[in-house]
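Beneath this line is the structure, given in structure tokens, with notes to follow.
The values are calculated or read from the model by the stated rules, or taken from the named source; none is laboratory data. For clarity, every value in this text was computed on a predicted model and none was experimentally measured. Neighbour counts are summed over all protein chains in view; Cβ atoms, including those assigned to glycine, are modelled from backbone coordinates with ideal geometry.
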Amino acid sequence: MTEQKKKLLQAKIAAALYTENGRVPTKDEIEKWTKFARVLYTAVLGLHFERQTQKRNKQLPIF
């Protein structure tokens, strides 16, 4: 992830936290939620793309 994309993600998270909490979020809160968002994105989309690759290569398990 490029530095510009990281900053944009942090800005979006800071704006969302401000809207939800009604106060300016701390640096630690922004870092925590940024890490959470990246992990969740990787978990959801990583599995999706892995499954698509397996489908293309006909490697899906048959139960």
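With the requirement that a residue be surrounded by 10 or more Cβ atoms within 10 Å (Cβ to Cβ) and among the charged types (D, E, K, R), what does segment 1-26 give you?
Hits for segment 1-26 are K6, K7, K12.
Does E29 meet the test of being free of Cβ contacts under 8 Å to residues at least 40 places away in the same chain, surrounded by fewer than 11 Cβ atoms within 10 Å (Cβ to Cβ) and either in contact with a Cys (Cβ under 9 Å, 6 or more places away or on another chain) or assigned to a helix (DSSP H, G or I) (or both)?
Taking the combined requirement at face value, the residue does not satisfy it.
Show the residue pairs that are 6+ apart or on different chains and have beta-carbon atoms under 8 Å apart, the first residue being within segment 35-48 and under 13 Å from K6 (Cα atoms), the second being among the β-branched types (V, I, T).
A37/I13
Could you figure out which of (1) at pLDDT 95 or above; (2) surrounded by 12 or more Cβ atoms within 10 Å (Cβ to Cβ); (3) among the polar types (S, T, N, Q) isn't true of Q54?
(1)
Of a type in the set (D, E, K, R), modelled with pLDDT under 95 and in a helix (DSSP H, G or I), is that true of K12?
Taking the combined requirement at face value, the residue does not satisfy it.
Filter segment 32-63 down to the residues that are among the polar types (S, T, N, Q) and assigned to a loop (DSSP other than H, G, I, E, B) and list them by number.
Correct list: N57, Q59.
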